[in-house]
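First comes the structure, then the notes that go with it.
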Amino acid sequence: MESTIAFILIFGSLVFFHELGHFIFAKRAGIMVREFAIGFGPKILGFTKGETLYTIRLLPLGGYVRMAGEDMDSVELQPGFRVGLLLNRNEEVTKIVLNQNKLLPDMLFLEVERSDLEKGLWIEGYDEEERLVRYTVSRNAVISENGKDTLIAPYDRQFGSKSIGKRAMAIFAGPLFNFILAFFIFLAIGLLQGVPTYEPVISGVQDNGPAIEAGIQEGDLITKINGQAIDSWQQLAGKIQESPGKELNFEYVRDGETLQSNITPKTIEQKGQTFGQIGVLYESPVEKNPLKAVAYGAEQTYTWILKIFELLGMLVTGQFTIDALSGPVGIYKATEEVAQYGVFNLMNWAAILSINLGIMNLLPLPALDGGRLLFFLFEAIRGKPIDRQKEGMVHFVGIMLLMVLMVVVTWNDIQRFFF
């Protein structure tokens with residue numbers, strides 16, 4: 001149960017912040033956001049605030065922000081439609097009721113002849129007395145059909161009406177917020193747990209190893225090897241590993257006193273490689289410093305971005321196969337394992353997943369944010385947008401391929417973890 005809760009909280013948070021990025025920058029651009037959804041499929045919970053419906057849906061495998069002007073969400077009133085109209089004091093239409101055969105109080109009947117609910121904001125048709133009349137439609141008017149009210153979306157509130165820069169930023173903001181979330185998680189780790197100093201301090205000494213034979217003790221601070229200054233544990237470990245069987249002169253500080261010992265790393269062979277080892281343990285000291293925590297958050301975010309791109313490069317070049325990929329099942333099992341090692345390891349895992357989600361969405365593949373950004377690039381080069389139907393078809397094919405990939409990866413996860 002704890003693993004399930006951890007998985008839901010982590011995955012839900014990553015999706016929430018991703019969609020929050022789209023939502024905030026769409027709003028900043030003046031785009032109407034019809035729905036902010038976490039999950040897919042049937043609605044479990046939902047409420048409306050302002051012009052946006054906020055929902056939690058059954059399948060917790062992602063989320064979406066539905067913007068006005070996308071996915072054919074506008075209603076077109078065809079000639080001959082019988083509608084009911086409600087007007088305000090300024091004689092502007094505030095509500096259009098479709099399929100209305102029975103007049104309600106204060107409602108006017110109209111048989112539609114023509115209408116423009118995007119740019120001109122008017123509706124024209126024949127009233128009860130067969131007169132051709134025209135009404136101005138309010139920018140905040142709603143269309144009611146089968147008891148469901150939908151706000152109209154004037155063209156200047158639609159996604160497609162905005163500049164390439166604003167549209168691109170509304171799409172890019174999703175992955176961007178994943179990187180920002182990762183930074184703040186790493187920052188929180190640095191503030192709460194402390195920032196590793198990576199000082200070359202010996203945390204423990206193994207029995208029967210070269211170090212204990214030379215008199216090295218727990219707490220010794222290594223300062224030099226063969227006269228070369230040692231500033232970090234990574235530098236110390238690298239020098240030992242590259243010197244199997246070679247005598248090294250260690251200079252170290254113990255209780256304020258500088259001491260020296262000669263140590264010959266023993267030779268270790270593993271997977272066809274040879275390296276040195278002296279038998280010491282390391283646990284990095286930590287320092288609680290807000291400024292260093294900020295630097296740590298930025299450094300870890302940058303490091304993991306590079307690492308994930310490196311792994312993607314290995315996948316593209318065939319250095320590992322699709323069998324190495326994991327889907328929701330694999331992520332759940334990994335979360336279950338990481339959760340056993342404490343909350344800070346779980347936070348670190350969440351930050352890595354957030355970076356991974358951001359990068360995956362930026363790949364220039366149809367249906368992903370990166371694919372949409374690629375279409376914006378084509379539009380900027382051509383000077384005009386790609387035909388919406390053609391672009392929609394490309395994204396549809398992309399969604400189908402991604403679903404097939406998800407099924408394959410999930411099946412591999414099930415085989416790996418349960419059989």
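The values are calculated or read from the model by the stated rules, or taken from the named source; none is laboratory data. Predicted, not measured: the structure shown is a model, and the values here were computed from it. A quick note on method: Cβ atoms are made from the backbone with ideal geometry, for glycine too, and the neighbour counts reach across all protein chains shown. We work out accessible area using only protein heavy atoms, side chains counted, and drop any ligands, DNA or RNA first. Shrake-Rupley method; radii C 1.70, N 1.55, O 1.52, S 1.80 Å.
Just a few scattered comments:
- FRET efficiency for ILE381 and LYS43, using Cβ-Cβ distance with R0 set to 41 Å, rounded to 0.05: 0.55
- Here the chain is scanned for trypsin sites (Lys or Arg not before Pro) in DSSP loops (not H, G, I, E, B) that have at most 11 other Cβ atoms within 10 Å, and the longest stretch holding none of them is 272-419.
- Dimensionless Rg/Rh of the chain - Kirkwood Rh, Rg from C-alpha atoms: 1.16
- FRET efficiency, LEU325 to LEU59 (Cβ-Cβ, R0 22 Å, nearest 0.05): 0.65
- Additional length obtainable on full extension of the chain from LEU405 to TYR198, 0.36 nm per residue less Cα span: 70.4 nm
- Residues whose placed amide H lies under 5 Å from that of LEU365, excluding near-sequence neighbours: GLY370, GLY371
- MET393 versus VAL294: modelled label distance in nm, points set 7 Å from Cα along the beta carbon direction: 5.2 nm
- Distance between the 7 Å Cα→Cβ label points at GLU247 and GLU130: 11.8 nm.
- Over the chain, accessible surface divided per residue gives 58 Å², non-protein components excluded, 1.4 Å probe.
- Surface share of carbon and sulfur [accessible, 1.4 angstrom probe, percent] for segment 379-419: 73 percent
- The portion of the accessible surface of segment 80-150 made up by carbon and sulfur, rounded to a whole percent, is 42 (1.4 Å probe; DNA, RNA and ligands excluded).
- For a label point 7 Å along the Cα-to-beta-carbon line of GLN340, residues of segment 1-17 with backbone N under 19 Å: 1-8
- For the chain, excluding the exposed loop sites themselves (GluC sites (Glu not before Pro), DSSP loop, at most 12 other Cβ atoms within 10 Å), the longest remaining stretch covers 284-419.
- Efficiency of FRET between VAL75 and MET107 - r from beta-carbon atoms, R0 22 angstrom, step 0.05: 0.75
- Within the accessible area of segment 260-351 (1.4 Å probe), percent carbon and sulfur: 57 percent
- Chain lengthening between SER3 and GLN273 when straightened (0.36 nm per residue, less Cα-Cα): 93.4 nm
- Mean Kyte hydropathy of 0.0 or more with a Cα span along the axis of at least 15 Å, helices from DSSP in the chain: 2-28, 164-192, 290-316, 328-339, 343-362, 369-382, 388-418
- Taking a straight line from the alpha carbon of LYS27, these lysines sit under 19 Å away, with near neighbours fewer than eight places off in the same chain left out: LYS49, LYS162, LYS166.
- For VAL137, distant residues with modelled amide H under 5 Å away: VAL93, TRP122, ILE123
- Dipole orientation for segment 303-419: of the candidates ILE386, PHE417, GLY327, ILE386 has the Cα lying most toward the positive pole (charges on Cβ; Lys, Arg +1; Asp, Glu -1).
- Helix-only mean residue ellipticity at 222 nm for the chain, each DSSP H run of n ≥ 4 adding -39500 (n - 2.57), per residue, nearest 500: -14000 deg cm²/dmol
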